[in-house]
Amino acid sequence: MRITPTAEFMLEPAFFPVEPNKDSGSSREAIGLGQRVGPGLDTRHGTILTLEDISVSFDGFKALNDLNLYIGVGELRCIIGPNGAGKTTLMDVITGKTRPSHGKAWFGETLDLTSMSEVQIAQAGIGRKFQKPTVFEALSVFENLELAQKTDKSVWASLRARLSGEQKDRITEVLETIRLTSSVNRPAGLLSHGQKQFLEIGMLLMQDPPLLLLDEPVAGMTDAETEFTAELFKSLAGKHSLMVVEHDMGFVGSIADHVTVLHQGSVLAEGSLEQVQDNERVIEVYLGR
Ligand SMILES: Nc1ncnc2c1ncn2[C@@H]1O[C@H](COP(=O)(O)OP(=O)(O)OP(=O)(O)O)[C@@H](O)[C@H]1O
Ligand SMILES: [Mg+2]
């Protein structure tokens, strides 16, 4: 069950006036579009996420090993790599679920993720979708979206509270985006696996998070659902930054302009899918499995 939690958290104020960013892109190789993503989040260098020298150890085993990664504003980045490479651990670090033993993790220019709680990170605008859909099966599609919009702690208080016109419009918009308009009153439990995944993505979108993390989103989907997911992610990029972990290379090829290959907790290669697929170290790692 995942409802946006309500701990008090104020975003740091923007340090610079909001105006179109002229120095888009970054010396740190992020391929951001350079725009600001929302009040309070400072992305003046076009980088929404900065990870430097991140290491995570589990009883001496290094799941992440001096990892460096930069995600640009509006970018759609795919992360690939063999099982156990550290992809999920990477998402755990970004969302505050796992603390790195050392390294820096910044959301925008000013928010230090290593000193924020999971709740604070979610409220600052990092939305995460786990592999298994976690919708409220007994509630309708509409009610699920309604709940996701509220920051109230109580499910029932949220459902009782009246929606403003603006909130209803947002639900209508998200329903169209995830193609569930005709299922609006259906209990979520009766949706197909793929539709549940889309509903959960819709629930994330209700909060309009600048950064979305999606772990193996198309696992278990039909070909048609996978195709729609590709379309959906491409339409979300630009407005949001997306980090997508996926093993399905057909899917990765259909969405990614930039791919990062993880291996043994570090970045092995980065570039277009074609570039990384031609990289000898990458070929070795995949064929050596
Ligand atoms: N809580 C934990 N305790 C001990 N070891 C862990 C823990 N979480 C992850 N690991 C180990 O860290 C390594 C990286 O795991 P992770 O789940 O991040 O890999 P992954 O790239 O997501 O793999 P997959 O593609 O199979 O999902 C693995 O060897 C895993 O066994
Ligand atoms: Mg994983």
- Query: Just how far, in whole angstrom, is the stretch 101-130 from the stretch 44-66 if you go by their alpha carbon centroids?
  - Reply: 12
- List every residue whose amide H lies under 5 Å from the amide H of G108, counting only residues 5 or more places away in sequence or on a different chain, with H placed 1.01 Å from N in the peptide plane. L49, T50
- Task: Would you mind putting 71-82, 189-200 in packing order, based on average other-beta-carbon counts within 10 Å, highest first?
- Result: 71-82, 189-200
- Item | In nm, spacing of pseudo-spin labels at S115 and Q264 (7 Å Cα→C-beta vector) | 3.4
- Query: Where does each of 219-227, 260-268 land if you order them by average Cβ count within 10 Å, highest first?
  - Reply: 260-268, 219-227
- Virtual spin-label span in nm between F130 and N279, 7 Å along Cα→Cβ: 3.0
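Readers should treat all values here as calculations from the given coordinates under stated rules, not as data from a laboratory. Quick caveat: nothing in here was measured; it's all calculated off a predicted structure. Cβ atoms come from the backbone with ideal geometry, glycine included; neighbour counts cover every protein chain shown.
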